[in-house]
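The values are calculated or read from the model by the stated rules, or taken from the named source; none is laboratory data. What you see is a predicted model, and the numbers here were worked out from it, not measured in a lab. Here the Cβ positions follow ideal geometry from the backbone for every residue, glycine too, while neighbour counts run over all protein chains shown. Areas reflect the complete protein model, heavy atoms only, side chains present, ligands, DNA and RNA absent. Shrake-Rupley method; radii C 1.70, N 1.55, O 1.52, S 1.80 Å.
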Amino acid sequence: MRTALITGITGQDGSYLAELLLEKGYEVYGLVRRLSTPNQSRIDNIVDRLVLLEGDLTDQSSLNVAMQTAMPDEVYNLAAQSFVATSWNQPVLTGDVTGLGVVRVLEAVRHLCPTARFYQASSSEMFGTALQPLKNETTPFHPRSPYAVAKVYGHYTALNYRESYGLFCCNGICFNHESPRRGIEFVTKKISDGVARIHHGRAKELRLGNLEVKRDWGFAADYVKAMWLMLQQDEPDDYVVATGVSHSVKEFAELAFNAVGLNWEDYVIVDERYLRPAEVPDLRGDALKARTKLGWTPDTSFEELVRIMVAADVEKYSRSITERRPLEET
């Protein structure tokens with residue numbers, strides 16, 4: 001039985017990846033931070049099949065203990081301060097967790113289980129305003145936020161540990177990937193949740209930032225398959241994971257409101273408070289390498305993704321009304 005350690009297992013990607021690995025017969029360990037109110041809602045359905053270890057990317061000793069306990073064959077580093085807007089308000093924390101955290105995890109791997117295969121969750125935000133319209137593995141980075149800068153640091157750290165120490169390190173440069181498990185702070189979830197609230201009469205408007213921003217959006221459950229495939233190859237490498245098509249926030253909102261029979265223009269208000277200091281107008285990825293070398297392709301279309309997210313939030317609010325209880329945010 002192979003063993004995997006996932007940092008960020010309680011997040012969107014971590015929960016889908018844990019399910020995938022369990023299906024493949026892995027013993028799955030997950031690193032979780034000590035919180036006064038644990039947030040394990042995304043893994044409630046599988047928590048009894050996991051081994052959860054307390055630890056933090058800012059604390060080297062806890063990472064060492066986790067690595068010694070799990071002695072994993074594969075390590076997936078998905079933990080990060082991953083919200084771009086928050087990185088402007090907390091740039092030092094973002095750098096410590098999202099950037100230096102990669103170094104700490106890799107140091108634990110290097111000293112305690114150097115044969116483990118390592119996956120680093122890189123981000124399309126690293127490309128920023130790079131001029132090449134369709135971004136691939138050779139496109140130069142031009143990060144436009146503290147989060148993106150920290151991700152570039154982590155990306156090159158993994159690359160250096162691969163080249164300097166011979167570790168099996170892969171960077172997955174994932175473009176935006178969403179799901180019903182997305183955090184409410186992300187615009188896609190904010191839209192699907194807002195649509196559900198309006199549909200159920202719990203809200204009358206939805207305030208958003210720049211509606212013209214375009215992103216290459218896919219389904220998270222599809223993207224974790226690419227993460228696993230990277231660590232099954234003979235040689236470590238870096239891969240862009242994307243659909244190759246970008247859509248605007250306005251398009252996402254229009255489809256989301258259409259899903260419940262409403263006109264988005266009647267409810268959406270552009271609010272300057274949600275505009276970023278530095279915006280990336282369009283991000284679109286070229287996943288040719290992942291398709292040819294990994295055999296990976298996304299299974300879920302953009303339109304299906306929007307419908308899935310809206311349907312899940314509408315159903316969530318329906319349950320809360322039926323059960324006459326306050327709704328917990330996810």
*Environment charge at VAL187 (Cβ cut-off 10 Å; Lys +1, Arg +1, Asp -1, Glu -1)*: +2
*Does the stretch 212-264 come out rounded, prolate or oblate, given a ≥ b ≥ c as the square roots of the eigenvalues of its C-alpha gyration tensor, rounded meaning a/c under 1.5 and, failing that, prolate meaning a/b above b/c?*
prolate
*Please report how far the C-alpha centroid of the stretch 1-51 lies from that of the stretch 168-228, rounded to the nearest whole angstrom.*
20 Å
*Residues of the chain: accessible area per residue at 1.4 Å, in Å²?*
44 Å²
*Rounded to the nearest whole Å³, what is the per residue volume of the convex hull around the Cα atoms of the stretch 29-72?*
78 Å³
*Rounded to whole Å and sorted largest first, what semi-axes of the equivalent ellipsoid does the C-alpha gyration tensor of the stretch 66-222 yield via the square root of 5 times each eigenvalue?*
32, 19, 14
*When the helix-only estimate is applied to the chain (DSSP H runs of n ≥ 4, each -39,500 (n - 2.57), divided by the residue count), what is the mean residue ellipticity at 222 nm, nearest 500 deg cm²/dmol?*
-11500 deg cm²/dmol
*Provide the three semi-axes, in whole Å and in decreasing order, of the ellipsoid equivalent to the stretch 147-227 as defined by the square roots of 5 times the Cα gyration tensor eigenvalues.*
36, 14, 10
*Rounded if a/c is under 1.5, else prolate if a/b beats b/c, else oblate: with a ≥ b ≥ c from the C-alpha gyration tensor eigenvalues square-rooted, which is the stretch 221-330?*
prolate
_Inter-centroid distance (Cα atoms) of the stretch 131-167 relative to the stretch 229-288, Å_ = 20 Å
_Exposure ranking of VAL51, VAL149, VAL260 by accessible area [1.4 Å probe, largest first]_ = VAL149, VAL51, VAL260
*Compare GLU303, GLU212 by solvent-accessible area with a 1.4 Å probe and give them largest first, with all protein chains kept in place.*
GLU212, GLU303
*Starting from the Cα of VAL92, move 7 Å in the Cα-to-Cβ direction to define the label point; list residues of the stretch 143-160 whose amide nitrogen is under 18 Å from there.*
146-147, 150
*With the full set of protein chains in place, find how many percent of the accessible area of the chain is carbon and sulfur; take the probe as 1.4 Å.*
49 percent
*On the full set of protein chains, 1.4 Å probe, figure out the accessible area of LYS214 and give it in Å² to the nearest 10.*
80 Å²
*Would you mind estimating how fast the chain diffuses translationally, via Stokes-Einstein at 10 °C and 1.306 mPa s with the Kirkwood radius over Cα pairs, in µm²/s?*
78 µm²/s
_Per-peptide average of other Cβ atoms within 10 Å, ordering 313-320, 16-23 highest first_ = 16-23, 313-320
*Summed residue charge, Cβ within 11 Å of ASP73's Cβ, Lys/Arg positive, Asp/Glu negative*: 0
*Counting pairs on different chains as well as pairs 8 or more places apart, how many Lys pairs in the chain have Cα atoms under 23 Å apart?*
27
